[in-house]
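Heads up: the structure comes next, in C-alpha cells.
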Amino acid sequence: MKALLLRDLKLALRAGGGFGLGLAFFLIVTVLVPFSVGPQSELLARIAPGVLWLGALLACLLSLDRLLALDWEDGTLDLMATSPLPLEAVVTIKALAHWITTSLPLVLAAPVLGILLNLPTAGFQWLVVSLLLGTPALSVIGTFGAALTVGLKRGGLLLSLLVLPLYVPTLIFGAEAARRGADGMSVETPLLMLAGISAATLALLPFASAAVLRVNLR
Amino acid sequence: MPDLGKYAFDVLASYGASLLLLGGLLALTLGRGAKVRQDMHKMEQRSKSRG
Amino acid sequence: MSIWEYANPKKFLTTSERVLPVLWVLAGVLCAVGLIWGFFFTPDDYRQGASVKIMFVHVPAAFIAINAWFMMLVASLIWVIRRHHVSALAAKAAAPVGVVMTLIALITGALWGHQIWGTWWVWDPRLTSFLVLFLFYLGYIALWSAIEDPDTAADLTSILCLVGSVFAVLSRYAVLFWNQGLHQGASLSLDKEENVADAFSNPLYVCMAGFGFLFLVLVLYRTGTEIRARRIRALMMRERMDA
C-alpha cells in the first residue's frame, strides 16, 4: 500500500502537470473574481470565503479526470485489480494521493489568495481548517466520479456533471464554516458536519468506487 | 373561463408550460415506442425468414 | 442467454400490454377531471387569489418528481441485488419522466412565486433542493446515454443512483441548515390545522392520482420500449454472428 502511494506521488510530481495546474487554476480564478464583481474591498471581503471554497473545489474537480485515466490506459489498473490488494484499498490510496498532490497545495495556497480578496483576519484560520476538513471528502467523491467515467473517451464533461451535485453538501458546510469564521461567529456546527461528511465518505464511498471500477474492468 | 384577475398570466403560463412539457414527453415516448416496436417486428420477421 | 434474459421481459411485455390501455384511460380521465375541476370550478383563495390554481399542477408534479427518484432507487436496488433486467430498464425509463416533472414543479413554482413572493426565484431550501434534484437527474441520464454496453450502463447508473440518493438527502439537510427559507409548509398533511381547504384539496387529490397514473403508464410504456430496443440489439448481434 505504501509502495502504491509513493508511486502515485512520484508520478504526480514527475509528470509535472497535475501538481502545478490545479494551483495555477485556483490562482487564476481568484484573480478573475475582482474583475467580474468589482474591486470594492468590502464586497470582496464578504464573498472571499465562498469564492475561495468554490475555487478550491473547481481546481480539485479539474484534476479528477487524470486520477485514474492514466492507469487505465496503460493497463496498470487491470494489474492492480488482480493484485492481492483489495480494490477498495487501491481507490482509497488513489484518493489519498490525489488529496496530497492536489488538495493539500490548494489548502496551503488558500490563505495567500485570501489576502488578494481582503479576507478578514479572523477568517484565515477557519478557512484553512474548513478546507483541511472538507477537501478529503472532495477527493474521495471525486475518485468515485473518476471511477464511474474511467472507461469513457470524453468523460471529462460528464465527470463534472456527475461529481458537482455530489459536492453540494460539502461545499455548503465548508463555505458556511469559512464564512462564519470570517464573520467571527461560532463555526462549531458546520465544522462538525463537514468532518462528519469527510469521515463518512472516506469510510463508505471507496466501496462504491471499487464496485464501479470492477464493473468497468469487466 | 374563470376570472383570473391579475394572476391570469401566471396561471395560464403554468398550465400552458406544464401541458406543453407533458405533451412533449408523451410525444417523444410514443414516437420512440412506435418506432422501436416496428423495428423489432421487422427484425423478428427477418430472423424468422432466415430460419 | 439465461432464462431471465428472455422469459421475464416477455412476461412483462404481455402483462403490460394487457393493463396499459386501462391505465392510459384512467390516467387521462383523472388528469383531465382534476385539472379542469381545479382550473374552472375552484374558488379563489382569500389571500392568493386565482394564483392558487397553479397548485393543481405544481404539487402533483413535485410529488411525482420526488417519488420518481425513489422508484428509481428501488429499481436500482433490485437490479443490483436480483439482477432482473426489467428493473434496470424501468429505472432508465423513469428518469426522463422525473426530469420533466421536476422542471414543471420548478417552472410553475417560479410563476407562482413571482406574484406571491414578488420574485421569480429565491434560494429557499425547498426550491434549492429541487434544483439539486434536477441536477442529479441530469447526471443520471447523461451517464446512461454515455455508456454503450447496456449491462455496464445499468450497473454504473444503479450505483450512481444509490450514492446519489444518499447525497440528495444530505444536500436536503445541508440546504435546510444553510437557509431557513420562506416556502410554506406541506400543503397536504393529515394532522395539520393549516391545511388547504376542502374546496382545494379534493381536486388536488384527483390531480395527484392522475399524475400518479400518468407516471405509471409512462414508465410501463417506456420500459416496454426499452425491452424491445434491447431485443433488437440482441437480434442484431445474432445476425452479425451468423453472417
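The values are calculated or read from the model by the stated rules, or taken from the named source; none is laboratory data. Please read these numbers as outputs of a predicted model, since none were measured by experiment. No Cβ is skipped: glycine too gets one built from the backbone with ideal geometry, and neighbour counts run over all protein chains shown.
Residues that are in contact (Cβ under 8 Å) with a residue 12 or more places away in the chain and either under 21 Å from A:VAL163 (Cα atoms) or not in a helix (DSSP H, G or I) (or both) within segment C:111-121 comprise just one, C:TRP117.
For segment A:1-92, the helices (runs of 4 or more DSSP H) that sit wholly inside it and include 2 or more residues that are more than 21 Å from the chain's Cα centre (by Cα) and modelled with pLDDT under 85 are A:2-15, A:76-82. Taken over chain B, the residue count meeting the criterion of being aliphatic (A, V, I, L, M), in contact with a Phe, Trp or Tyr (Cβ under 9 Å, 6 or more places away or on another chain) and part of a loop (DSSP other than H, G, I, E, B) is 1.
One residue stands out among those in segment B:2-23 that are more than 8 Å from every other protein chain (Cβ to nearest Cβ) and not hydrophobic (A, V, I, L, M, F, W, C): the one that is nearest to C:VAL219 (Cα to Cα), which is B:GLY23. Being of a type in the set (Val, Ile, Thr) and more than 10 Å from chain B (Cβ to nearest Cβ): is that true of C:VAL97 here? No.
Okay, residues lined up against (1) crowded, with 22+ Cβ neighbours inside 10 Å; (2) closer than 23 Å to C:LEU156 by Cα:
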residue	(1), (2)
C:PRO96	no, yes
C:MET101	yes, no
C:GLY109	yes, no
C:GLN115	no, no
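Residues of segment A:143-159 that are more than 9 Å from chain C (Cβ to nearest Cβ) and out of contact with any helix residue (DSSP H, G or I) (no Cβ under 6 Å at 6 or more places or on another chain): A:LYS153 alone. State yes or no: is C:ALA32 among the aliphatic types (A, V, I, L, M), closer than 18 Å to C:LEU214 by Cβ and out of contact with any Gly (no Cβ under 8 Å at 6 or more places or on another chain)? No; evaluated as a whole, the condition is false for this residue. Within segment C:122-153, being part of a helix (DSSP H, G or I), touching a residue at least 60 places away in the same chain (Cβ under 8 Å) and over 17 Å from A:ALA147 (Cα atoms) holds for C:PHE130, C:LEU133, C:PHE136, C:TYR137, C:PRO150. The single residue among C:THR108, C:THR102 that is within 9 Å of another protein chain (Cβ to nearest Cβ) and closer than 21 Å to C:ASN67 by Cα turns out to be C:THR108.
Out of C:PHE12, C:PHE70, C:PHE39, which single residue is part of a helix (DSSP H, G or I) and within 14 Å of chain B (Cβ to nearest Cβ)? The conditions single out C:PHE39. Does A:VAL163 meet the test of being more than 10 Å from chain C (Cβ to nearest Cβ) and at pLDDT 90 or above? No, not satisfied. When residues in segment C:92-110 are screened for being within 21 Å of C:ALA75 (Cβ to Cβ) and either touching a residue at least 60 places away in the same chain (Cβ under 8 Å) or not β-branched (Val, Ile, Thr) (or both), 8 of them pass. Within segment C:166-219, the set of residues being part of a loop (DSSP other than H, G, I, E, B), of a type in the set (A, V, I, L, M, F, W, C), at pLDDT 60 or above and surrounded by fewer than 16 Cβ atoms within 10 Å (Cβ to Cβ) comprises just one member, C:ALA197. Go through segment C:125-149 and give me each residue that's facing chain A (nearest Cβ under 9 Å) and among the small types (Gly, Ala, Ser). Within segment C:125-149, C:GLY139, C:ALA142, C:ALA146 meet the criteria. Could you tell me whether C:LEU156 is without any contact (Cβ under 8 Å) to a residue 24 or more places away in the chain, of a type outside the set (Gly, Ala, Ser), buried (at least 23 other Cβ atoms within 10 Å of the Cβ) and within 9 Å of chain A (Cβ to nearest Cβ)? Considered against the rule, which asks whether it is without any contact (Cβ under 8 Å) to a residue 24 or more places away in the chain, of a type outside the set (Gly, Ala, Ser), buried (at least 23 other Cβ atoms within 10 Å of the Cβ) and within 9 Å of chain A (Cβ to nearest Cβ), C:LEU156 comes out as yes.
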